[in-house]
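The values are calculated or read from the model by the stated rules, or taken from the named source; none is laboratory data. As the structure is a computational prediction, the values presented were derived from the model and not from experiment. These area figures cover heavy atoms from the full protein model, side chains too; ligands, DNA and RNA do not enter into them. Shrake-Rupley method; radii C 1.70, N 1.55, O 1.52, S 1.80 Å.
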Amino acid sequence: MVALRCTKKLLARVGPPQEATEPTTTILGDWYACPLNVGHQRFVLLISEHSRLPVLMAGRDLKHLTDNFPDALAAVLWGLGSRPPSYSVRLRHREAVIAKTNNRSLLGTLNDFSFMLRWQLPDRADLDLVQAALELSHTPVGPLRPTSFPDRVTRQLLDG
């Protein structure tokens, strides 16, 4: 099982949360998600619980967030050069639930990444969501360790 832990703003659009009674069974942990508005564009930003790897998705079709997420994650993992097919297939076959957030440190990282994207995205006419997520994954994240980067931690978790 994996939980997509959504902020209150995103839950208002996605629907009511379910109770995540079982612990996550994936290497990257649960995923924390928030809506991101940049001008007239709507996105969903998700980060991994264990590596803080960002995934950026279009903010359309939020009712099918759990169905669309594995493909968006697979694209980011391909961009990192990891072996995403097996991971994303396993994720697709696990039960995904929409749940409430429960970690303030991860919310802080979501806020930091959202702030960075609000400055980066308006200047990009040819916006590629995977490329934007990959660029963001090179940002050092202090709670992991002061010199840890989500892309490197993700590779270590998946390949190790």
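Can you give the relative contact order of the chain as a percent, counting alpha carbon pairs under 8 Å and 6+ residues apart?
Relative contact order comes out at 28 percent.
Calculate one ³J(HN,Hα) per residue across the range 41-48 by plugging θ = phi - 60° into the Karplus curve 6.51 cos²θ - 1.76 cosθ + 1.60, and present them in order as whole Hz with x for glycine and proline.
Running phi through 6.51 cos²θ - 1.76 cosθ + 1.60 with θ = phi - 60° gives 8, 10, 9, 10, 9, 10, 9, 6 Hz.
Once the whole set of protein chains is in place, how much accessible area is left on His138, using a 1.4 Å probe, in Å² to the nearest 10?
The accessible area of His138 comes to roughly 100 Å².
Is it possible to state the helix-based mean residue ellipticity at 222 nm for the chain, with each DSSP H run of 4+ residues giving -39500 (n - 2.57), the sum divided by total residues, to the nearest 500 deg cm²/dmol? What is it?
Working: 6 runs with 68 residues, N = 160.
When only DSSP H runs of four or more count, the value is -13000 deg cm²/dmol.
Just how much of Glu135 is accessible, in Å², when a 1.4 Å probe is used and the result is rounded to the nearest 10?
Spelled out: Glu135, probe radius 1.4 Å, area about 80 Å².
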